[in-house]
Amino acid sequence: MSYRIRFARTRGLTYIIIAINVIVYVYTSIIGGDFITTGDYPISLLGQVNYLVMHGWWWQLITAMFVHVNIVHIAGNMFFLLIFGLRAEEFFNTQEYLLIYFMSGLTGNILTLLLGPYMISAGASGAIFGMFGAVIIYVRRVVNQPVGGALMYAFLMLVLSAGLGVNVLAHLGGVVAGLLIGYVLATSRKTQTIYKYQYSYQPR
């Protein structure tokens, strides 16, 4: 028995988000005076400085998703966003895609705030890990495969991403949020008739 999923793509959304990240990087480079490395002023203004967030600068929980500390940082994140984002476009509509992206990024940043009160961080990696988690669990859930494999892949990605100066808390929060949202969306696909997603199987 083989399974086939037909769907409509969410076209171009990944490229739009990448463009926003690049525009923000250019802006922070201009106000920071350095294109290679983002200066302290842009990070303190738009990155996530947990001390400032706890004293009312709550918007940093959102803006930090689009700020990167240097050109290597943004290049790496945008590469993985391109991979996982384009894959996510194949399964999720615009609203679902944005829900996964922002809820994953926000969850990672909130976890960073709660468990790393003196940390300073920035980057889209929490949101990107969320896209990854949502895609891998969605695919397995829709075709009735055990989700344990998706959890194993998620854990492996967390281990591989760990390193000096890496905000593992953001990665963890992001991937957990993505896994949960992807699981819920996949389950709803199996119990509801949605015109954009038709599920069928062919015996052989």
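The values are calculated or read from the model by the stated rules, or taken from the named source; none is laboratory data. Here the structure is a predicted model, which means the values were calculated and not measured. Cβ coordinates were reconstructed from backbone atoms using ideal geometry, including for glycine residues, and neighbour counts include every protein chain displayed.
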Looking only at region 90-116, count how many residues are of a type outside the set (Gly, Ala, Ser) and not in a helix (DSSP H, G or I).
4
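Within region 94-106, work out how many residues are crowded, with 24+ Cβ neighbours inside 10 Å and not aromatic (Phe, Trp, Tyr).
Total meeting the criteria: 3.
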Under 8 Å between Cβ atoms, which residue pairs at least 6 apart in sequence (or on different chains) link something in region 62-82 that is among the aromatic types (Phe, Trp, Tyr) with a partner that is crowded, with 18+ Cβ neighbours inside 10 Å and not in a helix (DSSP H, G or I)?
66/124
All-but-one check, residue 85 against (1) of a type in the set (Gly, Ala, Ser); (2) surrounded by 20 or more Cβ atoms within 10 Å (Cβ to Cβ); (3) out of contact with any Ser or Thr (no Cβ under 6 Å at 6 or more places or on another chain); (4) farther than 17 Å from residue 158 by Cβ, failing number (3)
By residue number, the members of region 37-68 that are outside any helix (DSSP H, G or I), at pLDDT 95 or above and of a type in the set (Val, Ile, Thr) are 49, 67
Subset of region 84-121, residues under 15 Å from residue 181 (Cβ atoms), touching a residue at least 60 places away in the same chain (Cβ under 8 Å) and among the polar types (S, T, N, Q), comes to 93, 94, 104, 107
Qualifying positions in region 117-159 - surrounded by fewer than 24 Cβ atoms within 10 Å (Cβ to Cβ) and not in a helix (DSSP H, G or I):
117, 118, 119, 120, 143, 144, 145, 146, 147
Being of a type in the set (Lys, Arg) and assigned to a helix (DSSP H, G or I) is true for just one of 11, 87. Which residue is that?
87
